[in-house]
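First up is the structure itself, then whatever we jot down about it.
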Amino acid sequence: MWIGYLLVELSGAFAGGVSAAQQTAIDKAVKTLNKITEQQPYQLWHYRMNLAKTAFIGCAQWSSKPSKSDLVAVINQFSGISTTVLNSSVAMTIFNGETWDASGDACRAYLAANLAAWESAEA
């Protein structure tokens, strides 16, 4: 089992950001990778998109660390977008750590360094 955070960056075919339908398909797809039983809410797949809708960070408990090929396969299954397009348009980063806290720390450090892409300016 592994619980942690991942970053998925979308480019190429998704350079203008994902549509609402694509976002729903990606969410449903990634949820299928989270096959743990007897889950607590914090273990379930949850995510947020960046402001441009060209990347998302998510967290869940997984039976094993997800791979890009796992991700591409399920997004293809739910969206119909070809694996060729997905392989060239999707980059995935695992925020590694031996513990959930360490993965979270790495994710928070990324967010702090890239704040403008994820948070709108306060009015």
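The values are calculated or read from the model by the stated rules, or taken from the named source; none is laboratory data. For clarity, every value in this text was computed on a predicted model and none was experimentally measured. Every residue, glycine among them, receives a Cβ derived from its backbone with ideal geometry; neighbour counts consider all protein chains shown.
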How many residues are more than 25 Å from W62 (Cβ to Cβ), free of Cβ contacts under 8 Å to residues at least 12 places away in the same chain and either in contact with a strand residue (DSSP E or B) (Cβ under 9 Å, 6 or more places away or on another chain) or of a type in the set (S, T, N, Q) (or both) if we restrict to segment 11-33? 1
Go through segment 32-53 and give me each residue that's assigned to a loop (DSSP other than H, G, I, E, B) and closer than 22 Å to D105 by Cα. N34, Q40, L44, W45, N50, L51
Pairs, first buried (at least 16 other Cβ atoms within 10 Å of the Cβ) in segment 76-95, second basic (K, R), C-beta under 7 Å, six or more apart: F78/K28; V90/K68; I94/K65
Selection over segment 17-75 where residues are charged (D, E, K, R) and modelled with pLDDT of 90 or more yields a count of 4
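Regarding S103, is this residue surrounded by 18 or more Cβ atoms within 10 Å (Cβ to Cβ) and under 16 Å from I3 (Cα atoms)?
yes
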Residues (small (G, A, S) and either touching a residue at least 60 places away in the same chain (Cβ under 8 Å) or surrounded by 17 or more Cβ atoms within 10 Å (Cβ to Cβ) (or both)) located in segment 60-75: A60, S63, S64
How about segment 91-123: which of its residues are in contact with a strand residue (DSSP E or B) (Cβ under 6 Å, 6 or more places away or on another chain) and of a type in the set (V, I, T)? T93, I94
